[in-house]
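S.K.: Got a structure here, written out as structure tokens. Questions coming.
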Amino acid sequence: MPQIPFGSFRPFLLSLAIGLTAALLCEWLNTPLPWMIGPLFSTAAARMADVHLACPVRVREAGQWAIGAALGLYFTPPVLRVLVSYSGYILIGVLFALVLGAVCAWLLHKISGIDRTTAFFAMAVGGASEMANQGERHGAKVDRVAASHSLRIMMVVAIIPFLFQFLDVHGLDSYVPGARTVHYGGLLALIGLTTLGALLFKRMNSPNAWVLGPLAVTIALTASEVNLSALPEWVVHFGQLFIGISLGTRFTPEFLHTAPRYLASVALCTLVAMGIAACFAFGLATLSGMHPATAILATSPGGIAEMSLTAKTLQLGVPIVTAFHVTRLAALVITIGPLFRLARRVKYGKGF
């Protein structure tokens, strides 16, 4: 992803202007997730049209902080008791995600001709940066891995929220934040504590530290019934805006012109993954009693922020969706290396 020092503002200010304009337009058009989808697609289109845009890493982290802090406010004591009852289903969801990644890696290798190592890390249902770093250690083509995850996230963000809106899918979520009113003294304390949490997670080399750190702090506070403050709605909007432009500026003018067969194969594998995940979600919903749309968001091959925000917007089990994705991310980061080495040793992995 392009990164610039804070002294070089012009590409970032242009990204911000394009993203903000697109967000307001999407809000006027009543699209789903307007403050993320508008900036994501507008900046991606501009980048692929060779417009010089950039998003500093600190801006992306600020967006992640806002989303992590907002999501953590939902984890009240009653919600945690509900999540404990879903722990078995969350474990099943994690195992499903690992199997789904392996199946789609095999499919990507077959239809694109890419080497098995690259396919393995390209189709693992995890964060782009974490999978690219892991893949680089094992000899994968990092640019292909990063491109695969960027395209996957863009497709999931484009398809699921719009499909839910088209089908008028929404819930009557009984899960509400513990803090519902903005208290500016409490808000300052919340900002300080969650920032410390993010820095601690970053020091521990945690993936998505600026999501998981604030999320962990706000969960701890909310679960203890320490409700310092809600987040102002504009903070959440700008968090989505920052994440949108950080994702959109990953795309380059060369993106559509390099390895078109590979990108088409990734797109097909992503559609297959989404279809398999949806079928699994309906089965999980039948067993667990959760809303089918909540199960779809919880098990989809999307990211924590995107799927949890969709759940928040549509009132579809925010804590459940967040818990599924956070657990999956943690499990994948811990196990992806050993799983790759195991796959390389078994007959299936011949040729890795």
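The values are calculated or read from the model by the stated rules, or taken from the named source; none is laboratory data. Please read these numbers as outputs of a predicted model, since none were measured by experiment. Every residue, glycine as well, gets a Cβ built from its backbone with ideal geometry; the counts of neighbours run over all protein chains shown.
S.K.: Filter region 19-32 for residues that are out of contact with any Leu (no Cβ under 7 Å at 6 or more places or on another chain) and assigned to a helix (DSSP H, G or I); which is surrounded by the most Cβ atoms within 10 Å (Cβ to Cβ)?
M.R.: Restricting to residues being out of contact with any Leu (no Cβ under 7 Å at 6 or more places or on another chain) and assigned to a helix (DSSP H, G or I), the top hit is Ala22.
S.K.: Right, another one. Of all residues in region 84-134, how many are in contact with a Phe, Trp or Tyr (Cβ under 7 Å, 6 or more places away or on another chain), under 15 Å from Ala146 (Cα atoms) and touching a residue at least 24 places away in the same chain (Cβ under 8 Å)?
M.R.: Qualifying residue count, region 84-134: 5.
Yes/no per residue for (1) small (Gly, Ala, Ser); (2) closer than 21 Å to Val211 by Cα; (3) out of contact with any Ser or Thr (no Cβ under 7 Å at 6 or more places or on another chain); (4) at pLDDT below 90:
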residue	(1), (2), (3), (4)
Phe6	no, no, yes, yes
Ser15	yes, no, no, no
Thr21	no, no, yes, no
Cys55	no, yes, no, yes
Leu80	no, yes, yes, yes
Ser85	yes, no, yes, yes
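S.K.: Which of the following residues is under 30 Å from Leu188 (Cβ atoms) and crowded, with 19+ Cβ neighbours inside 10 Å: Ala122, Ala66, Ala140?
M.R.: After ruling out the rest, the residue left standing is Ala66.
S.K.: Among the residues of region 198-211, is there at least one that is assigned to a loop (DSSP other than H, G, I, E, B), on the phi > 0 side of the Ramachandran plot and surrounded by 20 or more Cβ atoms within 10 Å (Cβ to Cβ)?
M.R.: yes
S.K.: From the list Ile243, Ile336, Ile276, which residue is in a helix (DSSP H, G or I) and closer than 20 Å to Ser112 by Cβ?
M.R.: Only one candidate passes the filter, namely Ile276.
S.K.: Looking only at region 122-144, filter to residues that are in a helix (DSSP H, G or I) and under 16 Å from the mean Cα position of the chain (by Cα); which one of those is nearest to Pro301 (Cα to Cα)?
M.R.: Out of the qualifying residues, it is Met123.
S.K.: Leu231 passes all but one of (1) within 30 Å of Thr21 (Cβ to Cβ); (2) in a helix (DSSP H, G or I); which number fails?
M.R.: Condition (2) is where Leu231 drops out.
S.K.: Another question about this same structure. Could you identify the single residue in Leu108, Leu95 that is within 20 Å of the chain's Cα centre (by Cα) and over 27 Å from Pro39 (Cβ atoms)?
M.R.: Leu95
S.K.: Please determine whether any residue of region 258-270 is part of a loop (DSSP other than H, G, I, E, B) and closer than 30 Å to Arg47 by Cα.
M.R.: There is at least one residue in region 258-270 that is part of a loop (DSSP other than H, G, I, E, B) and closer than 30 Å to Arg47 by Cα.
S.K.: Then there's this: What number of residues in region 33-63 are in a loop (DSSP other than H, G, I, E, B) and either without any contact (Cβ under 8 Å) to a residue 60 or more places away in the chain or among the acidic types (Asp, Glu) (or both)?
M.R.: The qualifying residues number 4.
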